[in-house]
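Report on one structure; see the data block that follows.
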There are 2 protein chains.
Amino acid sequence: MSQDPAKHPTVGNAPDGIVLTSAPNGEPVDQATAAARRVVDALLRTDRTNANLHRVAEELNSIAEHLEEHAPEVADRLIDMWHGEGVTRHDPVTGPENAIAPPLTLAGRDDGYVEGDVTLTFPYQGPPGHVHGGVAALLLDHTLGVANAWSGRSGATAQLNVRYHAPTPLFEPLTIRGRLTEENGRKITTVGDIRTADGTVCVSVEALFIDKTVPRPR
Amino acid sequence: MSQDPAKHPTVGNAPDGIVLTSAPNGEPVDQATAAARRVVDALLRTDRTNANLHRVAEELNSIAEHLEEHAPEVADRLIDMWHGEGVTRHDPVTGPENAIAPPLTLAGRDDGYVEGDVTLTFPYQGPPGHVHGGVAALLLDHTLGVANAWSGRSGATAQLNVRYHAPTPLFEPLTIRGRLTEENGRKITTVGDIRTADGTVCVSVEALFIDKTVPRPR
């Protein structure tokens, strides 16, 4: 569902189930990033004795060189990537242009929650066969920020308190959600969790945000 | 510095400054992963109107296909990647074989701290020009785990409490450190922080770990 990028959707002004993140839109940069994501995953899966890995390295370096040759200065690129006031396309959790991002897609619900499903693979591994605890924290921190936006607020994380209840499995669909629960002046409290398909809460989080507008580079 | 992979170094048994993480060793898979990391970064920097992005996508998909064709089953790969009892090569923070990892290299010190320097770029961005708060949590969670190993303990994260004191800059060297501070039966308390070169503490963390041995797949 498309949105006016200049307007933060809120529970009050948007329909149920609106997508709050930038879904891949088929642009060449999204296609290239999806392919890079696939390479990152495949590099962790492939046979270590694959005799062609040296050539793979050469080819990837050649691609990187080409992309770097066509890259503007960092300051100019910063302005460009923060253009507009809506959701971004480059963050490490939901960004279709960031190969580090799974990417997670979050939708807003009428009850104030934002929610998304994701299945994580080897790049996000901590304990054997399970999600890295720090990756769970990363996904939740970002989800809470989107939950704040969904309620019409924004803020910088001041405290992030993560509780680990059960190991979070790789290779299984996980549901990640967040919801603003309290506003006290500039202080915003937001909670969230990560659950498996059978409803087991693996990780929960409560965070304190301080409402402040961070100016975008321009 | 090389280590016996079967032995966890501890403050008591290892010299000052021993490297606790797997540094890239020049193997083809490390070279290919370093090149993939460069592609991930360059994709976020390159000009969005680059007419060759469609071809870049094709080339990356072709590389991924080749790697996937030479990949063992997930269960077999899991056994292989967890071979040995020492530091791993595939985690998303220090792993030279994981293109998501910056990667961070951590060294142990005689005073019980583990410490490493890292400079982060666009893939790790949260607010404009600054490190994503969730990425800071990810790096710290992993560092605390290594700090536990450096003190001869290991455990699963039960609570991770992160405090954000100042925005953490991209494109500047950051120092990340952690240290086990308290042991109470199976409960382990470990602290850490991220500082800039001028000593500003941007993020601090205190975490509770529960000592338990997680069996490696075999």
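The values are calculated or read from the model by the stated rules, or taken from the named source; none is laboratory data. Computed from a predicted model, the values in this text were never measured in an experiment. Glycine also receives a Cβ, built like all others from the backbone with ideal geometry; neighbour counts cover every protein chain displayed. Please note that ligands, DNA and RNA were not included when accessible areas were found on the heavy atoms of the full protein model with its side chains. Shrake-Rupley method; radii C 1.70, N 1.55, O 1.52, S 1.80 Å.
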Q.
Taking the conditions exactly as written (open to solvent by 40 Å² or more (accessible area, probe 1.4 Å), outside any loop (DSSP other than H, G, I, E, B) and at pLDDT below 90), does A:ASP4 satisfy them or not?
A. no
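Being part of a helix (DSSP H, G or I), free of Cβ contacts under 8 Å to residues at least 60 places away in the same chain and either touching a Cys at 6+ places or on another chain (Cβ under 8 Å) or not β-branched (Val, Ile, Thr) (or both) is the filter here, so list the residues in the range A:69-106 that pass it. Show your work before the answer.
Going residue by residue through the range A:69-106, those that are part of a helix (DSSP H, G or I) are A:69, A:74-81.
Retained after the next criterion (residues that are free of Cβ contacts under 8 Å to residues at least 60 places away in the same chain): A:69, A:74, A:76-77, A:80-81.
Answer for the range A:69-106, where residues must be part of a helix (DSSP H, G or I), free of Cβ contacts under 8 Å to residues at least 60 places away in the same chain and either touching a Cys at 6+ places or on another chain (Cβ under 8 Å) or not β-branched (Val, Ile, Thr) (or both): A:GLU69, A:ASP76, A:ARG77, A:ASP80, A:MET81.
Inside the range B:20-30, can you point out the residues that are more than 7 Å from chain A (Cβ to nearest Cβ) and either assigned to a loop (DSSP other than H, G, I, E, B) or surrounded by fewer than 19 Cβ atoms within 10 Å (Cβ to Cβ) (or both)?
To start, the set of residues in the range B:20-30 that are more than 7 Å from chain A (Cβ to nearest Cβ) comprises B:20-27, B:30.
Answer for the range B:20-30, where residues must be more than 7 Å from chain A (Cβ to nearest Cβ) and either assigned to a loop (DSSP other than H, G, I, E, B) or surrounded by fewer than 19 Cβ atoms within 10 Å (Cβ to Cβ) (or both): B:LEU20, B:THR21, B:SER22, B:ALA23, B:PRO24, B:ASN25, B:GLY26, B:GLU27.
Check whether at least one residue in the range A:53-74 is in contact with a His (Cβ under 6 Å, 6 or more places away or on another chain) and buried (at least 24 other Cβ atoms within 10 Å of the Cβ), and report yes or no. Spell out the reasoning first.
At the first step, the residues of the range A:53-74 found to be in contact with a His (Cβ under 6 Å, 6 or more places away or on another chain) are none.
No: zero hits.
Go through the range B:127-138 and count every residue that is on the phi < 0 side of the Ramachandran plot and at the interface with chain A (Cβ under 7 Å from one of its Cβ atoms). Give the derivation first.
Of the range B:127-138, the ones on the phi < 0 side of the Ramachandran plot are B:127-128, B:130-138.
Now drop any that are not at the interface with chain A (Cβ under 7 Å from one of its Cβ atoms), which leaves B:127-128, B:132-135, B:137-138.
Of the residues in the range B:127-138, 8 are on the phi < 0 side of the Ramachandran plot and at the interface with chain A (Cβ under 7 Å from one of its Cβ atoms).
Listed here are the residues, each with its yes/no results for (1) at the interface with chain A (Cβ under 7 Å from one of its Cβ atoms); (2) of a type outside the set (Gly, Ala, Ser).
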position	(1), (2)
B:PRO72	yes, yes
B:ALA75	no, no
B:ASP80	no, yes
B:HIS83	no, yes
B:ARG89	no, yes
B:GLU97	yes, yes
B:PRO102	no, yes
B:THR105	no, yes
B:GLY112	no, no
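Which one is modelled with the lowest pLDDT among residues in the range B:7-57 that are of a type in the set (Asp, Glu) and more than 17 Å from A:HIS70 (Cα to Cα)?
Taking the range B:7-57 first, the residues of a type in the set (Asp, Glu) are B:16, B:27, B:30, B:41, B:47.
Now narrow it down to the ones that are more than 17 Å from A:HIS70 (Cα to Cα): B:16, B:27, B:30.
Numbers: B:ASP16: 65, B:GLU27: 88, B:ASP30: 94.
Step by step, filter the range B:7-57, then rank; the result is B:ASP16.
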Q: Filter the range B:145-164 for residues that are at the interface with another protein chain (Cβ under 9 Å from one of its Cβ atoms) and either in contact with a Cys (Cβ under 7 Å, 6 or more places away or on another chain) or under 25 Å from B:THR196 (Cβ atoms) (or both) and give the result.
A: B:GLY145, B:LEU160, B:ASN161, B:VAL162, B:ARG163, B:TYR164
Q. Which of the residues belonging to the range A:96-115 are over 10 Å from the mean Cα position of the chain (by Cα) and not acidic (Asp, Glu)?
A. A:ALA99, A:ALA107, A:GLY108, A:ARG109, A:GLY112, A:TYR113, A:VAL114
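Which residue out of A:THR119, A:THR88 is β-branched (Val, Ile, Thr) and modelled with pLDDT of 95 or more? Let's see the steps before the verdict.
Details: A:THR88 fails: modelled with pLDDT of 95 or more.
The unique qualifying residue is A:THR119.
Of all residues in the range B:31-51, how many are within 7 Å of chain A (Cβ to nearest Cβ) and either of a type in the set (Phe, Trp, Tyr) or out of contact with any helix residue (DSSP H, G or I) (no Cβ under 6 Å at 6 or more places or on another chain) (or both)?
So the count comes out to 2.
Before we move on, is B:VAL56 facing chain A (nearest Cβ under 7 Å), without any contact (Cβ under 8 Å) to a residue 24 or more places away in the chain and in a helix (DSSP H, G or I)?
On the way: facing chain A (nearest Cβ under 7 Å): yes; without any contact (Cβ under 8 Å) to a residue 24 or more places away in the chain: yes; in a helix (DSSP H, G or I): yes.
Criteria met by B:VAL56.
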